[in-house]
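Here's the structure, in structure tokens; my notes come after.
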């Protein structure tokens with residue numbers, strides 16, 4: 001995760017953090033009056049922004065997504081859950097930035113990859129994984145602070161994130177990628193190094209994230225259906241979350 005610190009040493013990357021945060025917040029705020037769970041989450045067409053920016057701006061998008069969501073929370077959903085919203089939205093952009101390289105040989109193939117059937121399937125899988133990681137983290141936080149039934153929240157967030165990003169993401173990336181590359185603003189151009197490459201480590205991390213997220217949702221939903229609640233749910237999901245954390249350390 002050294003790349004996350006590099007962002008703050010490069011002026012252009014800091015500008016991309018601010019750009020991502022501003023775009024995300026700008027698209028979040030107008031939809032705050034349309035809640036899915038009052039005080040927790042709402043209709044969010046803005047969820048495509050972190051995914052698109054992740055493929056373009058890399059680690060800068062992770063920070064931008066986190067801060068953009070926090071800014072949006074000031075307009076109706078600020079509370080203890082905002083801490084987990086910050087972390088969840090950070091991972092919502094960080095995971096596709098890292099894992100896309102495990103599906104495509106390099107981020108240089110992003111534009112060409114999305115023009116093939118296989119590339120689109122891989123994009124959908126990466127988007128689904130990012131949505132699940134974000135949802136599980138925020139759902140666990142809501143359960144921990146007794147803000148709402150955690151895995152009801154997780155189910156809604158996962159679906160909300162995935163549908164928007166899966167449908168709107170590919171055309172936006174195809175439209176923006178060649179222009180951003182021409183301007184020299186892709187993250188690997190700014191940092192002057194090769195983009196994330198396919199590696200067994202990143203692939204293993206992605207698999208662990210899939211396993212951990214799937215187990216967390218199954219355990220969390222099953223526990224809720226059995227009318228358990230509060231700390232029982234938090235404890236039941238702790239092990240799957242540990243698997244997710246290990247996966248994130250590897251990606």
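Sort the following peptides by mean Cβ neighbour count (other Cβ atoms within 10 Å, averaged over residues), highest first: 53-61, 232-240, 6-14.
Numbers: 53-61: 29.2, 232-240: 17.6, 6-14: 15.2.
The most tightly packed comes first, giving 53-61, 232-240, 6-14.
Summing -39500 (n - 2.57) over the DSSP H runs of n ≥ 4 in the chain and dividing by its residue number, what mean residue ellipticity at 222 nm do you reach, to the nearest 500 deg cm²/dmol? Numbers along the way, then the final one.
Details: 11 runs with 186 residues, N = 251.
Computed ellipticity for the chain at 222 nm equals -25000 deg cm²/dmol.
Ranking 65, 199 by Cβ neighbours within 10 Å, fewest first, what do you get?
Working: 65 31, 199 13.
Neighbour counts put them in this order, fewest first: 199, 65.
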**Q.** Full-extension gain in nm, residue 1 to residue 124, via 0.36 nm per residue minus C-alpha separation
**A.** 41.9 nm
Q. At residue 36 and residue 238, where each label point lies 7 Å from the Cα along Cα→Cβ, what is the point-to-point distance in nanometres?
A. 2.9
Q. Can you give the angle from 0 to 90° between the axis of helix 11-28 and the longest principal axis of the chain, with both taken from C-alpha atoms, to the nearest 10?
A. 50
Q: In nm, give the distance between the simple-model label positions of residue 182 and residue 204, each being 7 Å from the Cα along the Cα-to-Cβ direction.
A: 4.3
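Can you tell me which of 41-47, 125-131 comes out highest on packing, and rank the rest after it, using the mean Cβ neighbours within 10 Å?
Values: 41-47: 20.0, 125-131: 23.6.
Highest to lowest by the protection proxy: 125-131, 41-47.
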Q) How would you rank 138, 40, 29, going from fewest to most other Cβ atoms within 10 Å of each one's own Cβ? A) 29, 40, 138
Q.
Which order do the peptides 171-181, 141-151, 86-96, 72-82 come out in when sorted by mean C-beta neighbours inside 10 angstrom, highest first?
A. 86-96, 141-151, 72-82, 171-181
Q.
If you average the C-alpha positions of segment 148-184 and of segment 13-52 separately, how far apart do those two centres end up, in angstrom?
A. 11
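Every read-out reported here was derived from the displayed coordinates using simple, explicitly stated rules and does not represent laboratory data. As the structure is a computational prediction, the values presented were derived from the model and not from experiment. We place every Cβ from the backbone using ideal geometry, glycine too, and count neighbours over all the protein chains shown.
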